[in-house]
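Asker: Have a look at the structure that comes next, please.
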Amino acid sequence: MNRVVVIEDNSTIRKLLDALLTGEGYEVVTCQTSAGAYDCVRRAAPDAVIVNPATHSGGWHVLGALEADRQLRETPVVVCTADKHALRREATLRREANAMREKPFDIDELLTVLGRAMARA
């Protein structure tokens, strides 16, 4: 079973992703904000991470920390955000994110992107 960590500050979206991914056969670990999210990812040793990099959740910091960690830097990362400026942010064009999805996102598309990112890892 593939393990996915979801870092999302919006409780409704976090719960929705948890339920949908669990229903698709993923083991899901959720983190509300970046406070402790890096440690959560390290403990979970996930096959992939879905993160909302919104400024108030500190997701950009988590992306940088994952990239700097030798054990986690190859873990696929999918960024989901409603921040149109974040979609153009330089970090998303580098290795720190394997894919970007704008909110609201289509769940089937997100599952496809997640599967592709994990297959490349």
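Asker: I need the peptides 12-22, 44-54 ranked by packing, meaning the mean over residues of other C-beta atoms within 10 angstrom, with the highest value on top.
Answerer: Result, highest mean Cβ count within 10 Å first: 44-54, 12-22.
Asker: Points 7 angstrom from Cα along the Cβ direction at residue 61 and residue 1: gap in nanometres?
Answerer: Result for the modelled spin labels: 3.1 nm.
Asker: Among rounded, prolate and oblate, which fits the stretch 7-73 when a ≥ b ≥ c are the square roots of the eigenvalues of its C-alpha gyration tensor, a/c under 1.5 means rounded, and a/b larger than b/c means prolate? It would help to have the intermediate numbers written out before the result.
Answerer: Values: a/c = 2.32, a/b = 1.25, b/c = 1.85.
In terms of gyration-tensor shape, oblate.
Asker: Here's another thing I want to ask about it. Across the stretch 70-75, in residue order, what do the Karplus-derived ³J(HN,Hα) couplings come to in whole Hz, using 6.51 cos²θ - 1.76 cosθ + 1.60 with θ = phi - 60° and x for Gly and Pro?
Answerer: Values, residue by residue: 4, 7, 10, 4, 8, 5 Hz.
Quick note: the coordinates plus some simple rules give every number you see, no bench work behind them. What you are looking at is a predicted structure, and each value in this text was computed from that prediction instead of being measured. Please note: Cβ atoms are built from the backbone with ideal geometry, for glycine as well, and neighbour counts cover all protein chains shown.
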